[in-house]
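Worksheet: one structure, shown below.
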Amino acid sequence: MEKRAPRLQFTEEEQTDPVLKKSVRRAKKAAAAADQAQEKIPKKKVLRKQRTFDKPTGKTKVRLYFEEADKKKPSKLTHAVRDAPGNAVLMQFHREIRQSEDENVGVEAAHKSEEAAETGGRLVRSAHRSRKLKPYRKSAKAEKQLDRASLSYLQKKTARDNLQPFGNPFAHRRQKRAIKKQYAAAKRTGQFTGSAGKAAGNTAKAAKAAARESKRAAAFVARHPNGFLIAAGAFLVLVLLLNVLSSSSVLLEGGLSGVAASTYPSTDNAMLGAESVYAQKEANLQDEINHYEQRHGGYDEYHYALDKIGHDPYVLISILTAWHGGEWTLDEVRDTLSALFAKEYQLTQNVETETRTRTETDTVTDPDGTTHTETRQVPYTYTICNVKLHNEDLSHLPVSIMNEDQLGVYSMYMATLGNRPDLFPTSAYPNASTLKTPTQYDIPPEEMADTRFAAMMTEAQKYIGYPYVWGGSSPKTSFDCSGYVSWVINHSGWNVGRLGAQDLCDICTPVSPADAKPGDLVFFVGTYDASGVSHVGIYVGNGMMLAAGDPIGYSNLNTSYWQSHFYTFGRLPNP
């Protein structure tokens, strides 16, 4: 049977004490509930070995036996990996269907029915997974309630034994922290020995000694009142200084915990190894393309449409870390690397056949023995092999394979590069991201006089510096360009839902650059391989826009890049 977490043990005196018996009753009830919840966790048979020494024969014997143990909690990541290829195909299918909906009402109705069916299927699968996880959730909740009840008992016993004779709130808070620490250590090691109040009892001895010292101190003060006043003043200054230092340490602790949370937890060997494995897969793919005609011969002609091969190693490591929920080893992610590679790259061929003719000359002998030549057109089959390599871009994959929590973790790692900008230097990894500082711009006060524009900027400026995440549409996941603009306008007076860049353009009224004003949207085409509008930002005046780049920040529209991709300004409808 799986070993349960240790429980507090209570003496008869502790169970009948008027001050403690209510807390004891609650702790015992919580322990019973925790044990009952743990018993409902699914079990499995585990084969064990027991070695014993047989003195008469002088040999070691091995006895095999089965032991009942808790089944491992099902992982959400397993389902994400399994469903990822299907989700990607469905996303592409729905994207293509939506392009024809405006022209065909029947297609639209059928598509909506199909989407509803798929949603129902996902809900059924989600409900099934939730049911499997239910006993684990209940057990964890019961353990937390038991911890609270046990700590409440220990703190009440501390108060009963007069462990805080001076009534000092700071000392009382320290005492509570000490009890929590002792309880956690005892639970970890399973050393709840003797009565539940053993740890508190040790502290009680120290408190009695402190009480004796306080009496001596009081007598000393009575004999030296002036010296005490000087010492008290110095003490107050010291307390003030310590409070300042304490506040600073809290801020430092918060900063350090934030740094720890956003740092890649895996070893350098694991991360560099994963990058090496993925790069080797890309090298093998390039070799296949380089020798395609030798390995896939027999065609008359070859046409190639090839996307560039390459990836950002920081994107790869951030995906692996978010997907696997923290630290991982190279062996643990090999299957994931293969799945990601298959989703990023698709190498396909399509063979076309044409009937062509060629001229052939024949020598013909006449009946009188003379010869002459004749020409004729002979049909034949001509084959053209069209080879296509599609690179989905590794950074586009997280939104299709991760839930919102995982996507949020991924965006955090991309914002900090795992606090390891040295891991993949651009000199050796030319596609590696670098930490970027958003461009700042002070919007003139007179432009902020427009209340609608001011409301947009109040919301939009909250997210300056957030990383660009393909498909992201909330502060939790970070944003892409259309997700960012949709979020801002939906939280500053409009209610348009989550729209793509082209959809945002469609709801706007086009305006000329001369008539554009702060609060208008600005649209671009050709910023990546997509039909129609591919990028959108918020115009803030003076030739500047605020948009989700990498990271979210201001951009000057007068640069050659933005001018070459500019499409139009658009004015939003009235909210």
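Within the range 339-349, does at least one residue satisfy the condition of being out of contact with any helix residue (DSSP H, G or I) (no Cβ under 8 Å at 6 or more places or on another chain), assigned to a strand (DSSP E or B) and without any contact (Cβ under 8 Å) to a residue 12 or more places away in the chain?
For the range 339-349, residues out of contact with any helix residue (DSSP H, G or I) (no Cβ under 8 Å at 6 or more places or on another chain), assigned to a strand (DSSP E or B) and without any contact (Cβ under 8 Å) to a residue 12 or more places away in the chain: absent.
Please specify each residue of the range 509-525 satisfying the condition of being surrounded by 15 or more Cβ atoms within 10 Å (Cβ to Cβ), without any contact (Cβ under 8 Å) to a residue 60 or more places away in the chain and not small (G, A, S).
Across the range 509-525, the qualifying residues are D520, L521, V522, F523, F524, V525.
What are the residues in the range 277-306 that are surrounded by 11 or more Cβ atoms within 10 Å (Cβ to Cβ) and in a loop (DSSP other than H, G, I, E, B), if any?
Once the filter is applied, which keeps residues that are surrounded by 11 or more Cβ atoms within 10 Å (Cβ to Cβ) and in a loop (DSSP other than H, G, I, E, B), the range 277-306 yields H296, Y299, D300.
How do the strands (runs of 3 or more DSSP E) wholly within the range 468-575 filter down when requiring 1 or more residues that are aromatic (F, W, Y): which remain?
Counting at least 1 such residues, we get 521-525, 533-541, 552-556, 566-571.
Take the conditions of a type in the set (V, I, T) and either in contact with a Cys (Cβ under 6 Å, 6 or more places away or on another chain) or at positive phi (or both) and apply them to V351. Does it pass?
yes
Return the pairs, sorted by first residue and then second, in which the second residue is part of a loop (DSSP other than H, G, I, E, B) and aliphatic (A, V, I, L, M), the first residue lies in the range 487-508 and is under 14 Å from R571 (Cβ atoms) and in contact (Cβ under 8 Å) with a residue 12 or more places away in the chain, the beta carbons are less than 7 Å apart, and the residues are 6+ apart or on different chains.
Partner pairs satisfying both residue conditions: I489/V496; I489/L572; W494/L572; I507/V496; C508/L572.
Tell me yes or no: at least one residue of the range 526-547 is over 28 Å from D307 (Cα atoms), among the hydroxyl-bearing types (S, T, Y) and either in contact (Cβ under 8 Å) with a residue 60 or more places away in the chain or in the same structural domain as I319 (by TED's automatic domain parsing) (or both).
No: zero hits.
This table checks each residue for (1) outside any strand (DSSP E or B); (2) in the same structural domain as A279 (by TED's automatic domain parsing); (3) not charged (D, E, K, R).
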| position | (1), (2), (3) |
| --- | --- |
| T336 | yes, yes, yes |
| R358 | no, yes, no |
| E374 | no, yes, no |
| T381 | no, yes, yes |
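Just a yes or no: is a residue in the range 462-474 closer than 15 Å to M544 by Cα, outside the structural domain of Y314 (by TED's automatic domain parsing) and crowded, with 18+ Cβ neighbours inside 10 Å?
no
Can you tell me which residues in the range 11-28 are buried (at least 17 other Cβ atoms within 10 Å of the Cβ) and not in a helix (DSSP H, G or I)?
D17, L20
Only residues that are surrounded by fewer than 16 Cβ atoms within 10 Å (Cβ to Cβ), among the small types (G, A, S) and assigned to a helix (DSSP H, G or I): list them for the range 415-453, please.
Hit for the range 415-453 is A449, nothing else.
Search the range 335-390 for residues being loosely packed, with under 14 Cβ neighbours inside 10 Å and small (G, A, S), and hand back the single one that is modelled with the lowest pLDDT.
G369
Could you tell me whether F220 is modelled with pLDDT under 75, surrounded by 14 or more Cβ atoms within 10 Å (Cβ to Cβ), assigned to a helix (DSSP H, G or I) and out of contact with any Gly (no Cβ under 7 Å at 6 or more places or on another chain)?
no
The values are calculated or read from the model by the stated rules, or taken from the named source; none is laboratory data. What you are looking at is a predicted structure, and each value in this text was computed from that prediction instead of being measured. So basically every Cβ, Gly included, is an ideal-geometry build from the backbone, and we count neighbours across all protein chains shown.
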